[in-house]
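*Asks:* This is the structure I want to talk about, given as structure tokens.
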Amino acid sequence: MTVTAYSQSAPDSAGWIEQVDPALQSLVKKDARIQIIAGGLDWSEGPLWIESKKMLLFSDVPQNIIYKWTEKGGKETYLTPSGYTGTIPRGGETGSNGLVLDPEGRLVICQHGDRRMARMNAPLDKPQSAFTTLADNYKGKKFDSPNDAVYHRNGDLYFTDPPYGLEQKEKDPRKEAPYQGVYRVSKGGQITLLTDTLTRPNGLAFFPGYTKLLIANSDPEKPYWYLFDVNGEGLPTNPKIFHDATAASKKAEGLPDGLKIDHNGNVFATGPGGVWIFNAAGKLLGKIRTKTIASNCSFSTDQKTLYVTADEYVLKVGLR
């Protein structure tokens, strides 16, 4: 395998592009710059581009804040509290994590501190910390800390529930379920446990057609991306490893985390060293090497820009 520096780091850049396969050139600009558009964060997550408002939303999980970024205004506080609305002081990663719009264009939030999936009860341009709970338990056992979410085209909500928002993670005495789950909330509100076999389920996304689902596992002992078939009932089946990042995780910081899939089935997945880019068949095409640990990413609506949350920064990368 030949690996070349497709684009070297510029003085004002936050990383560089590494080509593994020539097909990368059809996805990422050859002279792509990795620009820092926001900084001063504790741990950035959950980027979401809102085309109607020309703004990027993203979470700062420890700060319990959702920020917005626009070309004109830069980084501004958008919503606080975003993930923990309780009055009892507590530690850990209490804020929001993954952000997604529901089919009606309303903001849905993975709330670590409140341990639920919630919808903001306010217009996007007039945000308020007023929420409707979409799901906070399965069969009476409270979730740990919903992390990332995606909607099926039929309106069902799928989300992962690792232990990262609990102060002592999987050893926290408040943990109620003996596993880490991936769940679905139907349009009617019914909650289904889709799998309890992943040790640290994290980012997830459907391939075009909604017949395959990719889920990241951010476990240093099992740093894999898992591929599931999705049957006619919307249930994931036939799990297999899409890619094993074990070797890479021993050489670079980071684990499989947030991810997005473009309209052609190409995967942009944060992992060791930055953002990994695969084709739909799972072939590694290249990487966006970031100088800090990458946690998640989001496309602009036209998929010509990729936004990446990376530790204290938010990055912007030009695509084709």
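FYI, it's all coordinate maths here, none of it is from the lab. Worth saying up front: this structure is predicted, and the values here are computed from it rather than measured. As a convention, Cβ positions derive from the backbone with ideal geometry for all residues, glycine included, and neighbour counts pool all protein chains shown.
*Asks:* Amide H of T85 versus every other amide H placed in the peptide plane: which residues, excluding those fewer than 5 positions away on the same chain, fall under 5 Å?
*Replies:* Those lying under 5 Å, H to H, from T85 are D114.
*Asks:* How much mean residue ellipticity at 222 nm does the chain get from its helices, if each DSSP H run of length 4 or more adds -39500 (n - 2.57) and you divide by all residues, to the nearest 500 deg cm²/dmol?
*Replies:* Rounded to the nearest 500, the figure is 0 deg cm²/dmol.
*Asks:* K316: which lysines have alpha carbons under 16 Å from its alpha carbon, excluding same-chain residues fewer than 8 sequence positions away?
*Replies:* Output for K316: K29, K30, K54, K68, K72, K75, K260, K287, K291, K304.
*Asks:* Which of the following values of Cα Rg over 2.2 N^0.38 Å was calculated from the structure shown: (i) 0.93; (ii) 0.98; (iii) 1.26?
*Replies:* So the calculated entry is the one marked (i).
*Asks:* Let me ask you something else. What residue among D161, D244, D60 shows peak mean-square fluctuation when the chain is described by a Gaussian network model with Cα springs under 10 Å?
*Replies:* Per the Cα network of the chain with a 10 Å cutoff, D244 tops the list.
*Asks:* Once you've got the GNM for the chain with C-alpha springs shorter than 10 Å, pick whichever of F268, F228, F159 has the biggest mean-square fluctuation.
*Replies:* F228
*Asks:* Which whole-Hz ³J(HN,Hα) couplings does the range 153-169 yield from phi under the Karplus relation 6.51 cos²θ - 1.76 cosθ + 1.60, θ = phi - 60°, glycine and proline marked x?
*Replies:* My calculation for the range 153-169 gives 5, 7, x, 6, 9, 10, 8, 9, 9, x, x, 5, x, 7, 4, 10, 6 Hz in order.
*Asks:* Would you compute, for the Cα atoms of the range 154-259, the largest minus smallest coordinate along each principal axis and list the three values in descending order, in whole Å?
*Replies:* Cα spread of the range 154-259 along its principal axes, largest to smallest: 41, 33, 19 Å.
*Asks:* Let me ask another. Amide H neighbours of G181 under 5 Å, counting only residues 5+ apart in sequence or on other chains, H built in-plane at 1.01 Å?
*Replies:* D161
*Asks:* In addition: Find the centroid of the Cα atoms in the range 173-237 and in the range 84-136, then give the distance between the two in whole Å.
*Replies:* If we compute the Cα centre of each part, the gap is 20 Å.
*Asks:* To continue, here is another question. For K169 and K141, FRET efficiency with R0 = 22 Å and r from the beta-carbon atoms, rounded to 0.05?
*Replies:* Between K141 and K169 the formula returns 0.85.
*Asks:* How large is ³J(HN,Hα), in whole Hz, for each residue of the range 241-246 in order, when computed from phi with the Karplus curve 6.51 cos²θ - 1.76 cosθ + 1.60 and θ = phi - 60°, using x for Gly and Pro?
*Replies:* Each residue's phi maps through the Karplus curve to give 7, 6, 7, 9, 9, 4 Hz.
*Asks:* Compute the Cα gyration tensor for the range 32-99, then decide on rounded, prolate or oblate, letting a ≥ b ≥ c be the square roots of its eigenvalues: rounded whenever a/c is under 1.5, prolate when a/b is larger than b/c in the other cases, and oblate in all that remain.
*Replies:* The shape class here is prolate.
*Asks:* With θ taken as phi - 60° and the coefficients 6.51, -1.76 and 1.60, list the Karplus ³J(HN,Hα) couplings across the range 49-64 in order, rounded to whole Hz; mark glycine and proline as x.
*Replies:* Result, ordered by residue: 7, 10, 4, 5, 10, 6, 9, 9, 9, 7, 8, 10, 4, x, 7, 6 Hz.
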